[in-house]
Structure formats: structure tokens, C-alpha cells
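See below for the structure under consideration.
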Amino acid sequence: MATFDFTPMFRSSIGFDQLPDLLAHAAEREANGYPPYNIEKIGPDDFRIVMAVAGFARDDLEIIQAENRLIVKGRGKNEEAKNFLHRGLALRQFVREFDLATYVEVTGAELENGLLIIALRRELPESMKPRVIPIAGDDRAGTSASLRRAA
């Protein structure tokens, strides 16, 4: 596997410190498509991940959020004792990882009709939200002089 150095590209970037790590991590992931999933945008700051986990019970699944990463693990059931004539349902164990943007948190999860639904919400801290700065004074010359004295 070829390794790429993206460092020169990010020397002039500000605020994208995690982007090289995200690219490197994406290249390392295996291309396994199990279990299939959808990512839906519900609103401006609300998202959900829907994973097809038919056959898995609530106790077989584990959801972990660590920093900006969401990890979903499924423990497959050992059904070797059964005598299958045809086995088309894959209940093998899996680990699926998702990189989350900054300030995205998991708000809940539910298992319904074989679908694991994970709700996500982006919550910007108050210091990051835009705010309107009021402009004091009027057009008289004395106002600008008082602002200069206050500074």
C-alpha cells in the first residue's frame, strides 16, 4: 500500500488540524461493507446513522463514542449447533467506525425492526456561535472621542 505525505498541502491551512488524520485513517480502513448503513441528514444540526443488523439483539450490540470517533460493535451468535439447509443470514461479529465532526454528539440509539438507529446532533458551544455586536452612540463627534478614551 502506498503512503502519501499530505503535510505540504496543510501548511497554509488553519483550523483543519484533524483533516490529515481523517484521510490517513480512511485509507487504513478495510473495505468491508458489513453491515450496510445509511447516514441521513434530518435537520441543519441533526443526523442519524441507520444500520441493518437483522438477527442481532440489543445485548449483542455496543456503541462507543470516543473523542471524534463513533464505534459500533456487534457480537455474532454461535449457531454452529443448528443444522442449516441454507444459510443466508450473516450474523458474524463486526466493528464499524465513523469519524465524527467536531461538536457532534450521540443523543440516543434504538433497535427497531432489525435496524439500529443512532441519533447525532451538532451542538456548537456558545463561544462558537455567531453573535451580534451592538453599536453604541450616535453620529455626534463626541461619541467617537469617548470611545477612544475608553480604549
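At a glance:
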| item | result |
| --- | --- |
| Candidates E97, E62, E28, filtered to the one that is at pLDDT below 90 and of a type in the set (D, E, K, R) | E28 |
| Matching entry among K77, K73 (being modelled with pLDDT of 95 or more, in contact with an Asp or Glu (Cβ under 9 Å, 6 or more places away or on another chain) and either under 27 Å from E123 (Cβ atoms) or part of a loop (DSSP other than H, G, I, E, B) (or both)) | K73 |
| Hits in the stretch 32-70 (condition: basic (K, R) and not in a strand (DSSP E or B)) | R58 |
| Count of the stretch 74-112 residues which are aliphatic (A, V, I, L, M), closer than 15 Å to G33 by Cα and either surrounded by 12 or more Cβ atoms within 10 Å (Cβ to Cβ) or in contact with a Lys or Arg (Cβ under 9 Å, 6 or more places away or on another chain) (or both) | 2 |
| Top-ranked residue of the stretch 43-67 - restricted to ones that are under 18 Å from E123 (Cβ atoms) and touching a strand residue (DSSP E or B) at 6+ places or on another chain (Cβ under 6 Å), ranked as surrounded by the most Cβ atoms within 10 Å (Cβ to Cβ) | I49 |
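The values are calculated or read from the model by the stated rules, or taken from the named source; none is laboratory data. Treat the numbers as computed from the prediction; the structure is a model and nothing was measured. Here the Cβ is made from the backbone with ideal geometry for all residues, glycine too, and neighbour counts use every protein chain on show.
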